[in-house]
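Novice: My questions all concern the structure below.
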Amino acid sequence: MKIHAEAMTLYAVTDRSWLKPGEALEGAVEELLKAGVTCVQLREKETDEEFFLNEALKLKELCSRYQVPLIINDRPDIAQKAGADGVHVGLSDMGIEKARELLGEGFIIGGSAHNVQEALAAQKAGADYIGCGAVFGSRTKKDVTMLQKEELRAICRTVEIPVVAIGGIQEKNIRELSGTGIDGVAVIGALFAAEDKTAAAKKLLELIKRIKGGEG
């Protein structure tokens, strides 16, 4: 296994649209790393390739310093050029098998799933972990399909690789994921939009650890 379940505990997915005026993504990510996030995904949908690569290189150096994996969203080529730890590909993005063919066995490859069938397909294709959602809708994606708690629980029981829940997860609703068997949560707005990112990360980390420990 190239990524352990513990690295999925609090998975921060970047979104620069939440940054304050003058705030650099690198600074926001470092604040979250200091607070204890266990994995970082660089997600850039509106930038050109050169900018994306430069951001990836900066975050790779930063994440390496804190011994936290850096995953690149959608772009295996950027992951390879930046020396990132892996890539996350969605159902409509480059397939898991194609990403593995390009990157080789040394890279972490994450896949997306919205039901048991998709989760099993991602596992069979060679995914190292699965992102499942949207558990509470999404503030960053339109037309998302809601993933019911029962289906999330079924996915966790069925696959043998780590499962991380994503989609609208916040301090006020994270406890609803108790009992599903998830290995962690992927969070965007609740971290990057927070006035106090350190406090937000520490609180979410405390809550997800309780959930994983069966406390709810």
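Novice: Determine whether GLY110 is surrounded by 14 or more Cβ atoms within 10 Å (Cβ to Cβ), on the phi > 0 side of the Ramachandran plot and not hydroxyl-bearing (Ser, Thr, Tyr).
Specialist: Spelling it out, it is not the case that GLY110 is surrounded by 14 or more Cβ atoms within 10 Å (Cβ to Cβ), on the phi > 0 side of the Ramachandran plot and not hydroxyl-bearing (Ser, Thr, Tyr).
Novice: With farther than 20 Å from LYS212 by Cβ and surrounded by 15 or more Cβ atoms within 10 Å (Cβ to Cβ) as the only criterion, which of GLU151, GLU118 stands out?
Specialist: GLU118
Novice: Being modelled with pLDDT of 95 or more and assigned to a helix (DSSP H, G or I) narrows it down to one residue among ALA12, ALA84, ALA7; which is it?
Specialist: Exactly one of ALA12, ALA84, ALA7 is modelled with pLDDT of 95 or more and assigned to a helix (DSSP H, G or I), namely ALA7.
Novice: Please identify the pairs in which a residue from segment 164-188 that is surrounded by fewer than 17 Cβ atoms within 10 Å (Cβ to Cβ) has its Cβ atom under 6 Å from the Cβ atom of a residue that is aromatic (Phe, Trp, Tyr), counting only partners at least 6 apart or on another chain.
Specialist: These pairs meet every condition: ASN173/PHE136.
Novice: Right, another one. Considering only residues of segment 29-78 that are over 15 Å from the mean Cα position of the chain (by Cα) and under 21 Å from PRO162 (Cα atoms), which is surrounded by the fewest Cβ atoms within 10 Å (Cβ to Cβ)?
Specialist: GLN67
The values are calculated or read from the model by the stated rules, or taken from the named source; none is laboratory data. On a predicted model such as this, the values are computed, not experimentally measured, just so you know. Virtual Cβ from ideal backbone geometry, glycine too; neighbours counted across all protein chains shown.
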